[in-house]
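In what follows, a structure is listed as structure tokens, so that the remarks can point back to it.
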Amino acid sequence: MTSDGPDFAVLHPDGRLEYGRLGEDGSAYHAVKPYIDDVSSQGMGRLRAWFSDGFGGLPPNPLADRVLSSVGYHHPTGWRGTVALSMEEDQAGEYAPLPTEVRATLDELAAG
């Protein structure tokens with residue numbers, strides 16, 4: 001899907017927020033894999049969260065806690081490790097770019 005906006009956001013445990021684009025294959029999994037080991041995902045309404053399946057020894061991610069709690073997804077032990085967010089896959093198997101309002105909310109939550 002072609003767009004001027006980013007396709008996903010990466011929420012780092014150190015509080016950094018960065019945006020990325022899908023590769024030519026259009027796969028969100030392949031796009032977030034360089035940031036997250038042992039990738040798992042969960043749909044969260046219009047959004048999809050990508051995170052490590054092995055929370056165990058990963059550092060806490062307060063930014064992911066703020067962001068995902070704001071959309072109603074509280075992890076009982078807190079989100080850990082790097083977390084990425086994309087829009088949910090549509091029926092054609094494509095991921096829309098992150099809408100302007102989603103990016104604005106992420107930027108605001110990352111700013112603190």
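Values in this text are rule-based calculations from the coordinates and carry no lab data. Because the structure is a prediction, the values reported are computed rather than measured. All Cβ positions, glycine included, derive from the backbone under ideal geometry; neighbour counts span all protein chains shown.
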Take the Cβ-Cβ distance between D90 and D14 as r, set R0 to 41 Å, and report the resulting FRET efficiency rounded to the nearest 0.05. 0.80
Computed over the Cα atoms of the chain, the Rg and Dmax in Å are 13.0, 37
For the chain, what does the relative contact order come out to in percent, with C-alpha contacts under 8 Å and a separation of six or more? 33
GNM flexibility winner over the chain from D53, D14, D25 (Cα, springs under 10 Å): D25
Please identify, among L47, L58, L17, the residue showing maximal mean-square fluctuation in a Gaussian network model of the chain using a 10 angstrom Cα cutoff. L58
Please report V67, V39, V102, V32 as a ranked list, fewest other C-beta atoms within 10 angstrom at the top and most at the bottom. V39, V102, V67, V32
Those trypsin sites (Lys or Arg not before Pro) from the stretch 8-74 that are DSSP loop and have at most 16 other Cβ neighbours within 10 Å turn out to be R16, R21, R46
Nearest-ten-degree value, helix 100-111 long axis tilted from longest Cα axis of the chain: 20
